[in-house]
Amino acid sequence: MRGCLAGAVLAWCLGGGFNYALAADKPVVAPPESWVKLVTAPVALAGGSASAAIQVLLTDWQLNQAAAGLSVYNHSVLRAQTPQGLGALGSLQLSWNPNTDVLTLHQYQIRRGDQVIDLLPASQPFTILRRERNLEAATLDGTLTVTLQPPGLQVGDVLETAYTLTRNDPVLQGQVGELFTELWIAPAARVHVRATWPRSQPLRWRATDGLDKPKTAPGELSLDMRDVAELHGPEGAPARYFNFRQLEFSSYASWAELSAQMAALFAEASVLAPDSPLNAEVARIRAVSGEPKVRAGLALALVEDQVRYLFLGMNNGALVPAAADLTWTRRFGDCKGKTALLLALLHALDIPAEPALVSTAAGDGMDARLPMPGLFDHVLVRAHIDGHDYWLDGTREGDAGRDLDRLPVPYFHWALPLLPEDGALVPLVPPALDEPSELTTLTIDASAGITMPVHVHGEKLLTGDGALEVKRGLDNLSAEARDRALRNFWTKHYPTLQPKTVGDHFDVATGRQTLVVDGEQTLEWKRLAATTAQYLQLPDGELGWKADAKRQPGPHQDAPYAVSFPYYERTRKTVILPSEALGATVHGSAVDKTVMEMAFHRDLKVERNIMILDVSTRALKPEYVGSTVDADTAAAEIRSLSEEAVYLMTPLNYRGTAKEQELFLAKVPQTPEGLVGRADILFQRGDKAGALADVEKAITLRPDWAPAYGVRGYIRMEMGDAKAAQADFDKALILDPACQQAMNGNAQLALNQGRNDDTILLTTRMLQLWPTDFYALGQRMQAYYRLQKPDQAFADATELKRLDPNRLDAYQVRANVLRQRGEMDAMLAEGEAAIAARPNDAEAYALKGVALEILGRKDEAVAVYDRALALKPTAPVYAQRARARPASDQKGKVADLTAALALDPNRSDYLTALGMAQARLGDNVAAEATFNRALSLASDKAQGYALINRGRFYADIHRDQQAREDFAKARDKVAGQAAGLNSLCWEQATAGFALDTALADCDAALKLQPTSSSIQDSRAFVLLRLGRYDEAIAQYDEALKDRATSGASLYGRGLAKLRKGMAQEGQADLTAARANAAGIDDTFKDYGVIP
């Protein structure tokens, strides 16, 4: 788009008017004409600043409409107060068009005290240049310029200038329009304005804010202001709110009158001759397509590509367009000629269209002005196709082949369609962008290690005129220069990026330009404060800016705020981290809000080991309307967005990939951070002594660094020295009460020692500080589960599973809680989800195997355990498969348990299970020896369970005295432990041994945990065996409140009901039990209880 209408403002010093042209080849020196009212300048500006470069003593503008044309007189008196002021007054340049304008110089002099120095010829000659001021913009307007310089001008001198410009443009047929714009923003001692016109040819006038009320009389207007203060426009307001202290004059009665006058010029210029060479182009376009939109696009491309731009403002060319045929023949034209040519083509193709005048820079507020042609500097075409208006500009470039629906609507605020009648201003504002003008997509593959060089793939998709500008720039380059420019583009935006290959692509139909890069980059990770974690700043994820809505005193304080419109930029960034970085977190809140008509969006998350950032800023409307209080609040909100740092943080325990570790271990750390980092790696590799040595070196180098004590405490804890570990944790927390390593260690120590309530307190505080610390979350989950708080444990397990899908303990806790709730299908699904997350992990299959066992599907469980053992033979899975084998396969159980003990020979629970299998095979001697060995290996905590199991063995072989002794010893060991007492009750009950004692044990357990469903089930079974059926049924009812689908409780209750003669109800319970627990009949048969 290029301007090509004669409407530019003549700007000189502090005043300006239209660019007047004078019908003479040189200026005339003469006194002012009689219509001018001479005024004098004050001596000084009251309250003026002595440090200002220039002091304005007088600004005088006078206008006169007469038969000879429109004359504008300017008289200015300016004092140079500083050396800078001398530079500003160093020359006077006035330009005019000799075809239509006359320039008359009245006065050009220096006043120095009482001395007056006349600077007009004869004291010095004129310097007149015939030059094209905008030749670089392909503009020929025939303008002449006179240059006058004030020789010997000194600080303190007063420079006085007066001249008159007279224009008589025959094209306007006597119509006139004049705008005095922004003349008196700076302080002035006196401002005088006067306008006169014939009473028979009245002028309309309009004054904007900041002026005194003009005095009017028939055919005259005047304004005289003294000591005029500087005015400040409302900061951030749209341009129209800065149109203060302006005067407009126009002879046009309406916009329709101006529209009709200009329309006639284009109507004549857009008619093709019968033998026009353009007829062949029209026929060619018709042959290509019958769709009007396609035809219009082809016509636009013809005008853009086949006719070069050149503004012709000479003779009548400032307003009159060249004929379409002439423009086509000479293959150059300005906006008027190109518009006439495009109109001719469209009309020949039966596409309705008309020209439309616009202002490319001063359109805002056009609807409030008086109509005059000088307000416009450009003309384009409005085409009507299938009920839609398309704004087509023949001076553009690069639209060939582009879908017209993707042409941007120009943002000129207002346009004046040129119509024979009823022409009126229409808004010309584009809609909010529905796709980004810039979309940057970056994929950073750091899977080999965050400190290793990473692969980067980047794409920048440009749309709209920005895409065309980049395309034109690239097209003008050689292949080598193009490659260099693309590389420079990417390295300018990402300085550490080393491009390997670059490329670009332009899609003609959509007008989209894509820039592509593949390269390497070393990410700038930094240590996070006094921790061992590292963070990566993400500046492309930041939003907002340093917004300020404050306004200085002045007019229009309630004006709306201009919005950068249309605007839409978006960035999508993906960082692929190593699998070892599971638990990485992001800092930066999610944002989805609209402030001051700007829509801010940020989505920042880590999914497993992939960080995804999606951030955008989009302008929704051109202006924000709100009170100053609302605007201040909104600006503060935008500032707040800009102040929020966005970064990616590694987990506290990130130790690097194997390759990173090898590179790290190959170096000798010289810093405490490096030593602690190496200690962490050594510890994970089993070298606890080496790890301890490195941490102690770190403490020697930096004895006040809390993380080092926290890490040393953890190592000591794992080495079995709980006392020393606690001392280290305490020391770390004295140095830094928020030391994450020490807090994690304290929580683990409490968990190891069974201080579950302490664990919950510690981890809850940690999670308040670091909500995504999955180590603390896992610790609290275990503590809740141990305290039989299933809902809290389930919630933590769910969050832990989300943060780290590889944490099998989260699946295990969820599965156990789901079992307690009776959600058996969901429990099994948890095992399947674990396998989906870790398909090559034997423990995941083991989890599913346990779920199948609970469901009574033991054959399926054995098959799943087979798969787990094929992946990795482990002692726990051998033991689990032994448990799942049917009672008929005791030899298989013995084989599995023997294999488990071969891998872990000191597990008393495996020995206990082996003893039970040996006993069922009838080998009581071997069984007793195995039970004895299990008891000898059991820890203090496990001694009670080992005695319970040996007691059960003795009860089964009718060695009652030994059974009572073991049960009595076990009772002492598990006193105060609900789970231990429940186990003691259950084993006696299922053996049918000492049932009264078993009932007392269950009662003791229930006192400790009154709502435990498992204890209630055990007690109900004792009551069943005692024949106390009503009590048994009642107790089973309690057990089933929290576990409504428990197969064991339903079966037991069914048996009790049958014993009471409640056949129908009893059978219903048995049926429900079988549906929820396959093999439940065999289980109760083993207990010696059958229907």
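The values are calculated or read from the model by the stated rules, or taken from the named source; none is laboratory data. As the structure is a prediction and not an experimental result, all values here were calculated from the model. When we count neighbours, we look across all protein chains shown, and the Cβ atoms used for this are built from the backbone with ideal geometry, even at glycine.
Exactly one residue out of L477, L536, L543, L523 is under 21 Å from the mean Cα position of the chain (by Cα), aliphatic (A, V, I, L, M), more than 30 Å from K621 (Cβ to Cβ) and in a loop (DSSP other than H, G, I, E, B), and it is L523. The strands (runs of 3 or more DSSP E) located wholly in the range 596-668 that include 1 or more residues which are of a type in the set (D, E) and either touching a Phe, Trp or Tyr at 6+ places or on another chain (Cβ under 9 Å) or farther than 30 Å from V563 by Cα (or both) occupy 598-607. Among residues that are touching a Lys or Arg at 6+ places or on another chain (Cβ under 6 Å), more than 14 Å from C985 (Cα to Cα) and surrounded by fewer than 21 Cβ atoms within 10 Å (Cβ to Cβ), Y1029 is included. Within the range 797-838, the only residue that satisfies the criterion of being outside any helix (DSSP H, G or I), of a type in the set (K, R) and under 18 Å from G778 (Cα atoms) is R807. Test of understanding: among D548, D558, D632, D614, which residue is of a type in the set (D, E) and within 30 Å of R527 (Cα to Cα)? Checking each option against the conditions leaves just D614.
Being assigned by TED's automatic domain parsing to the domain that holds E268, out of contact with any Gly (no Cβ under 7 Å at 6 or more places or on another chain), of a type outside the set (F, W, Y) and surrounded by fewer than 24 Cβ atoms within 10 Å (Cβ to Cβ) is a property that A299 lacks. Scanning the range 914-957 for residues that are touching a Lys or Arg at 6+ places or on another chain (Cβ under 7 Å) and of a type in the set (G, A, S) turns up A917, G944.
What's the total number of residues in the range 412-461 that are over 30 Å from E662 (Cβ atoms) and either in a loop (DSSP other than H, G, I, E, B) or more than 24 Å from the chain's Cα centre (by Cα) (or both)? Residues meeting the conditions: 26. Scanning the range 275-291 for any residue that is in a loop (DSSP other than H, G, I, E, B), surrounded by 14 or more Cβ atoms within 10 Å (Cβ to Cβ), modelled with pLDDT of 95 or more and more than 44 Å from the chain's Cα centre (by Cα) turns up at least one such residue. If you go through the range 369-411 and pick out every residue that is small (G, A, S) and in a strand (DSSP E or B), you end up with 1.
For L310, state whether it is closer than 15 Å to G394 by Cβ, of a type outside the set (D, E, K, R) and surrounded by 17 or more Cβ atoms within 10 Å (Cβ to Cβ). Yes: the conditions hold for L310. For the range 962-969, does any single residue satisfy the condition of being crowded, with 24+ Cβ neighbours inside 10 Å and in contact with a Ser or Thr (Cβ under 9 Å, 6 or more places away or on another chain)? Taking every residue of the range 962-969 in turn, at least one turns out to be crowded, with 24+ Cβ neighbours inside 10 Å and in contact with a Ser or Thr (Cβ under 9 Å, 6 or more places away or on another chain). Restricting the range 575-585 to residues that are under 21 Å from H457 (Cβ atoms), at pLDDT below 90 and crowded, with 19+ Cβ neighbours inside 10 Å leaves a set whose member that is nearest to the chain's Cα centre (by Cα) is A584. Taken together, E435, E469 contain a single residue that is surrounded by fewer than 17 Cβ atoms within 10 Å (Cβ to Cβ), touching a strand residue (DSSP E or B) at 6+ places or on another chain (Cβ under 8 Å) and outside the structural domain of M598 (by TED's automatic domain parsing), which is E435. Suppose the filter is touching a Pro at 6+ places or on another chain (Cβ under 7 Å), of a type in the set (D, E), in the same structural domain as Q534 (by TED's automatic domain parsing) and in contact (Cβ under 8 Å) with a residue 12 or more places away in the chain; does E623 pass it? Against the criterion (touching a Pro at 6+ places or on another chain (Cβ under 7 Å), of a type in the set (D, E), in the same structural domain as Q534 (by TED's automatic domain parsing) and in contact (Cβ under 8 Å) with a residue 12 or more places away in the chain), E623 qualifies. Only one entry of L341, L419 meets the criterion of being over 26 Å from A280 (Cα atoms), touching a Ser or Thr at 6+ places or on another chain (Cβ under 6 Å), at pLDDT 95 or above and in the same structural domain as S276 (by TED's automatic domain parsing), and that entry is L419.
So that you can scan it fast, the table gives a plain yes or no per residue for (1) charged (D, E, K, R); (2) under 24 Å from E178 (Cα atoms):
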{"residue": "S222", "(1), (2)": "no, yes"}
{"residue": "L231", "(1), (2)": "no, yes"}
{"residue": "R245", "(1), (2)": "yes, yes"}
{"residue": "S251", "(1), (2)": "no, yes"}
{"residue": "S259", "(1), (2)": "no, yes"}
{"residue": "L272", "(1), (2)": "no, no"}
{"residue": "S276", "(1), (2)": "no, no"}
{"residue": "E281", "(1), (2)": "yes, no"}
{"residue": "R286", "(1), (2)": "yes, no"}
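Restricting attention to the range 892-936, the residues that are crowded, with 17+ Cβ neighbours inside 10 Å and hydrophobic (A, V, I, L, M, F, W, C) add up to 15.
Residues in the range 366-374: is at least one under 43 Å from the mean Cα position of the chain (by Cα), surrounded by fewer than 21 Cβ atoms within 10 Å (Cβ to Cβ), at pLDDT 95 or above and not hydrophobic (A, V, I, L, M, F, W, C)? Taking every residue of the range 366-374 in turn, at least one turns out to be under 43 Å from the mean Cα position of the chain (by Cα), surrounded by fewer than 21 Cβ atoms within 10 Å (Cβ to Cβ), at pLDDT 95 or above and not hydrophobic (A, V, I, L, M, F, W, C). Residues that are more than 41 Å from the chain's Cα centre (by Cα), more than 21 Å from L762 (Cα to Cα) and hydrophobic (A, V, I, L, M, F, W, C) within the range 680-737 comprise A689, A691, L692, A693, I699, L701, M719, listed in sequence order.
When the range 903-912 is filtered for residues that are under 58 Å from the mean Cα position of the chain (by Cα) and either more than 13 Å from L869 (Cβ to Cβ) or in contact (Cβ under 8 Å) with a residue 40 or more places away in the chain (or both), the ones remaining, listed by number, are D904, P905, N906, R907, S908, D909, Y910.
Checking each residue in the range 952-996 for being polar (S, T, N, Q) and either outside the structural domain of R1019 (by TED's automatic domain parsing) or without any contact (Cβ under 8 Å) to a residue 40 or more places away in the chain (or both) picks out Q961, Q962, Q977, N982, S983, Q988.
Taking the range 520-568 as the range and being modelled with pLDDT of 90 or more and among the charged types (D, E, K, R) as the test, the residues that pass are E520, E524, D540, E542, K546, D548, K550, R551, D558. The single condition from (1) of a type outside the set (K, R); (2) assigned to a helix (DSSP H, G or I); (3) over 30 Å from A547 (Cβ atoms) that Y241 fails is (3). Scanning the range 608-625 for residues that are under 30 Å from P578 (Cα atoms) and either under 17 Å from the mean Cα position of the chain (by Cα) or of a type in the set (G, A, S) (or both) yields I610, M611, I612, L613, D614, V615, S616.
Scanning the range 569-595 for residues that are assigned to a strand (DSSP E or B), in contact with a Leu (Cβ under 7 Å, 6 or more places away or on another chain), of a type in the set (A, V, I, L, M) and under 26 Å from A631 (Cβ atoms) returns a single hit, V591.
Restricting attention to the range 613-647 and to residues that are more than 30 Å from F412 (Cβ to Cβ) and in contact with a Ser or Thr (Cβ under 8 Å, 6 or more places away or on another chain), the residue that is modelled with the lowest pLDDT turns out to be E644.
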